[in-house]
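Below is one structure, written out as structure tokens; the observations come after it.
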2 protein chains.
Amino acid sequence: MGVMSTAAFFGRFTIDRQAPVPAYYQLQDWLMQQIDSGDLGAGASVPSERQFSEHLRISRMTVRQALDRLQRDGRLIRQQGTGTFVGRAHLVGDMSQLRGVSSELADQGRSSRTLVLGVELATPPRPVAAGLGLDPEIDAIRVRRVRSVDGEPLSFETSWLHPERCRPVLGTDLVDRSLNEVLTAQCGLDLAQGHERITATALDSYEADQLAASPGTAAFRVQRTTWDGAGRPIEVVVSVIRGDRFSFEAVLGSRDNAAARYHTPTLSAVGQ
Amino acid sequence: MGVMSTAAFFGRFTIDRQAPVPAYYQLQDWLMQQIDSGDLGAGASVPSERQFSEHLRISRMTVRQALDRLQRDGRLIRQQGTGTFVGRAHLVGDMSQLRGVSSELADQGRSSRTLVLGVELATPPRPVAAGLGLDPEIDAIRVRRVRSVDGEPLSFETSWLHPERCRPVLGTDLVDRSLNEVLTAQCGLDLAQGHERITATALDSYEADQLAASPGTAAFRVQRTTWDGAGRPIEVVVSVIRGDRFSFEAVLGSRDNAAARYHTPTLSAVGQ
């Protein structure tokens, strides 16, 4: 990246030395805006540490501190000897969407793969049994899967299914199939409503292993309960999703007109 | 926690030694279900490492591995010499909600405080200028705040406001006030619609400092753009929210009836 393009890269951005916010954080925040908005698209190269340091008159240590977090969250990829590049655009899921990720993806022509780790009857944790409306001594169907999108592992999912309503799942090959589709087509269920809770976490060593990521990578843990049109519980699903590859989006309305402004779900790559 | 209550604590839970999923992960997942559902409420004590180890016939190292992540995410608090307890219930925000967190909280009688770090005209990053519909050489109003709920810092927020539409903000004391309320009452704006993007991250050292948390704590980064009823951009806000204290919730509908099932937003403590 030459001198001219460095100037263009920075535009009006300078470090505010009077600000209560440290220099590294100002730079990090500014870069994140450029990347998340797609102004700096996937694969774009960013200036070298030296260029950052000279242009902004900050130490290289300050530059490194700013870049470290962006690398940790997958927004920047440092390649030894080549430079630093913007990482792949995140996949984006609509938070208000009940359809499974794979069905969202299929609609958009993205390639989605499913690795099935196990399908069996097992003892659900008490809250899961309660969520499914089962007596605590009744086993439920447990499905453990790793979902990949465009060849990259994205989520590790444990689904607990109602043992009667979802029984056909036990005899169905789930590899590369949407579980929602099986529930609809094979089990004749109408997945009408759901409740979702999203927490922030970091991949632990087992999840990282399953998702081909580094332990400690930022992640979402999503717990969803789904009911049919009659309000009968169908499934309780826990998904651990790589935060360096995925974001949630939502369209918001004010209290009174939220419903009216509700929009059609999308899952798409952003940036670029 | 005595022998009897330990048996009651575990109920039917056992470690499945044939499972592809490691023992520590099975235990961690099971505990997380008990805590997130509120079955184990805030302050509840959990068995000792020795009790876990003896009851489940796993090594104490395996127990520690399971508990570590739960501690890191704030679900368990280990107190030297006293034992291990369930952490405070998460605050829960509705993801589809356009109102600010503080106005959601106020409606529920929660105490919300706002520390104002700075209010000034500043150069917005290009994508923020674009989001606000401003020429790149125009300054915007930048408001940096730390929001606390029930005495505990929860989020670090940087709001970029349209310099004309929001000008009265420059002369307004924002301490312990909702910015949305100021925009509505003082600036006469109608915050009608928004777009929100949520990414997973971990607090870096500066954010951790502001939020009285440990660096590396799981966190959400939320970027929201708000428009008035005429579609004119009002603000671009970036909030970094502690993931050990906060979760998002959403009610989901299937594609066809999402709007009909849209529900009233809530922000409440769960668990206990």
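The values are calculated or read from the model by the stated rules, or taken from the named source; none is laboratory data. Note that the structure is a prediction, hence the values are computed from the model and not measured. Methodologically, a virtual Cβ is constructed for each residue, glycine included, from the backbone with ideal geometry; neighbour enumeration extends over all protein chains shown. Calculation scope for accessible area: heavy atoms of the full protein, side chains included, ligands and nucleic acids excluded. Shrake-Rupley method; radii C 1.70, N 1.55, O 1.52, S 1.80 Å.
The table that follows gives values for the structure above.
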| read-out | value |
| --- | --- |
| Positions within the stretch A:116-146 being open to solvent by less than 40 Å² (accessible area, probe 1.4 Å) and hydrophobic (A, V, I, L, M, F, W, C), in sequence order | A:Ala122, A:Val128, A:Ala129, A:Leu132, A:Leu134, A:Ala140, A:Ile141, A:Val143, A:Val146 |
| Boolean, B:Val182 is more than 8 Å from every other protein chain (Cβ to nearest Cβ) and modelled with pLDDT of 90 or more | yes |
| Some residue of the stretch B:161-180 being closer than 21 Å to B:Pro127 by Cα and acidic (Asp, Glu) | yes |
| Single residue of B:Gly43, B:Gly38 found to be away from chain A (no Cβ under 12 Å) and not hydroxyl-bearing (Ser, Thr, Tyr) | B:Gly43 |
| Strands (runs of 3 or more DSSP E) fully within the stretch A:42-100 counting 1 or more residues that are farther than 30 Å from A:His195 by Cα | A:76-79, A:83-86 |
| Candidates B:Ala212, B:Ala219 - the one that is surrounded by fewer than 21 Cβ atoms within 10 Å (Cβ to Cβ) and at pLDDT 95 or above | B:Ala212 |
| Condition check for B:Arg88: free of Cβ contacts under 8 Å to residues at least 60 places away in the same chain and surrounded by fewer than 22 Cβ atoms within 10 Å (Cβ to Cβ) | no |
| Subset of the stretch A:149-177 (residues that are open to solvent by 20 Å² or more (accessible area, probe 1.4 Å) and either in a strand (DSSP E or B) or touching a strand residue (DSSP E or B) at 6+ places or on another chain (Cβ under 9 Å) (or both)) | A:Asp150, A:Gly151, A:Glu152, A:Pro153, A:Arg165, A:Arg167, A:Leu170, A:Thr172, A:Asp173, A:Val175, A:Asp176, A:Arg177 |
| Complete set of residues in the stretch A:222-254 that are within 17 Å of B:Leu252 (Cα to Cα) and either modelled with pLDDT under 60 or outside any strand (DSSP E or B) (or both) | A:Gly229, A:Ala230, A:Gly231, A:Arg232 |
| Options A:Gln71, A:Gln28; residue that is in contact with a Lys or Arg (Cβ under 7 Å, 6 or more places away or on another chain), facing another protein chain (nearest Cβ under 9 Å) and of a type outside the set (Asp, Glu) | A:Gln28 |
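Let's see how each residue does on (1) out of contact with any His (no Cβ under 6 Å at 6 or more places or on another chain); (2) among the polar types (S, T, N, Q); (3) open to solvent by less than 10 Å² (accessible area, probe 1.4 Å); (4) at pLDDT below 95:
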site: A:Phe13; (1), (2), (3), (4): yes, no, no, yes
site: A:Pro20; (1), (2), (3), (4): yes, no, no, yes
site: A:Tyr24; (1), (2), (3), (4): yes, no, no, no
site: A:Asp39; (1), (2), (3), (4): yes, no, no, yes
site: A:Ala42; (1), (2), (3), (4): yes, no, no, yes
site: A:Val63; (1), (2), (3), (4): yes, no, yes, no
site: A:Gln71; (1), (2), (3), (4): yes, yes, no, yes
site: A:Thr82; (1), (2), (3), (4): yes, yes, no, yes
